[in-house]
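The values are calculated or read from the model by the stated rules, or taken from the named source; none is laboratory data. Nothing here was measured: the structure is a model prediction, and the numbers come from that model. Note that each Cβ is placed from the backbone with ideal geometry, even for glycine, and that neighbours are counted across all protein chains shown.
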Amino acid sequence: MTTWNIAEPTRLDLKGEVKDLQVRLVGGRVNVVGADGPPRVEVSAIGERPITVTLDDAGVLRVSHGNIPRWPGFFWWLFHSRFKVDVSVMVPSQTPASLRVVSGSVIVSSLRDGVRVDTTSARVTLLGLDGRVSAKVISGSIEALTLDGEVDLETVSGEIVVADSTAHKVHARAVSGSITCDLDNPPVGTDVRLDTVSGEITARVREDSDLRVHLNAVSGRVVSAFPGLERVGRNTVVGQLGAGTGRIAANATSGTITLLRRPVDLDEESS
């Protein structure tokens with residue numbers, strides 16, 4: 001196992017094979033990219049607290065501040081600047097990754113074998129990922145673009161945006177915040193579930209989609225751009241689009257649910 005203790009900006013070109021990535025940082029900005037070429041870790045800025053980078057014999061790459069409390073408490077807000085770090089990590093695209101960051105921003109792109117992100121207060125951006133993708137934020141936003149595979153997103157207070165998704169499973173939950181989901185030609189058997197307690201849900205699907213639809217707002221409105229769907233009372237819309245091989249379900253306790261049509265020719269013109 002090789003270990004580096006980093007207290008100043010530096011770049012590490014790793015000679016060993018990386019088979020798994022684990023990031024545990026208190027605060028700052030983390031950018032993880034899957035790409036061809038030798039793996040590397042680049043630290044462009046760092047506070048008073050150093051970070052540790054290790055690559056063990058099993059191919060596990062770890063980037064960490066050490067033990068991270070789940071709830072940092074009052075003193076974290078007084079001294080968080082000491083832990084700030086700006087770090088970029090490049091690994092092979094088939095590397096599974098697990099990231100835990102207390103506060104800051106997280107960007108993960110072009111990984112194909114699953115990603116897990118767990119933060120307390122952060123902005124999370126997910127780009128071009130595949131496999132099992134999950135992200136949980138206590139306070140902050142999640143933006144997920146061009147994802148495939150299985151997607152599970154959750155925020156307590158913040159916004160979730162899913163765009164141009166071809167994932168066969170999407171589950172997004174927000175306690176206090178909005179959810180926007182744009183599906184790009186969902187595959188057969190797609191399962192989409194969108195849930196919020198206090199917030200708006202907006203979903204857009206292609207007009208030639210094959211989906212069973214169930215939309216329900218306990219105290220709010222449901223608006224659908226598909227006239228063929230059936231309205232049950234004021235707060236529920238159900239029905240089937242096309243062959244109905246997949247499913248989209250949206251539930252809001254307080255807020256409006258809107259289902260929009262995405263014209264097919266819009267996709268054909270952009271291709």
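Among residues of segment 1-42 being in contact with a Pro (Cβ under 8 Å, 6 or more places away or on another chain), of a type in the set (A, V, I, L, M) and more than 24 Å from residue 118 (Cα to Cα), the one that is modelled with the lowest pLDDT is 7. Screening segment 158-168 for residues that are part of a strand (DSSP E or B) and at pLDDT 95 or above and picking the one that is nearest to residue 253 (Cα to Cα) gives 160.
Looking across 106, 133, 124, one residue alone is buried (at least 22 other Cβ atoms within 10 Å of the Cβ), at pLDDT 95 or above, under 20 Å from residue 184 (Cβ atoms) and in contact with a strand residue (DSSP E or B) (Cβ under 9 Å, 6 or more places away or on another chain). It is 133. Reported count of residues in segment 17-43, each being in contact with a Ser or Thr (Cβ under 7 Å, 6 or more places away or on another chain) and outside any strand (DSSP E or B), is 3. Within segment 87-103, the set of residues being at pLDDT below 95 and in contact with a Pro (Cβ under 9 Å, 6 or more places away or on another chain) comprises 102, 103. Filter segment 199-244 for residues that are at pLDDT 90 or above and hydroxyl-bearing (Ser, Thr, Tyr); which is surrounded by the fewest Cβ atoms within 10 Å (Cβ to Cβ)? The extreme case among them is 236. Taken together, 180, 155 contain a single residue that is of a type in the set (Ser, Thr, Tyr), buried (at least 23 other Cβ atoms within 10 Å of the Cβ) and assigned to a strand (DSSP E or B), which is 155. Tell me, please, whether a residue that is of a type outside the set (Val, Ile, Thr), touching a residue at least 12 places away in the same chain (Cβ under 8 Å) and touching a His at 6+ places or on another chain (Cβ under 8 Å) can be found in segment 119-126. No, segment 119-126 contains no residue that is of a type outside the set (Val, Ile, Thr), touching a residue at least 12 places away in the same chain (Cβ under 8 Å) and touching a His at 6+ places or on another chain (Cβ under 8 Å).
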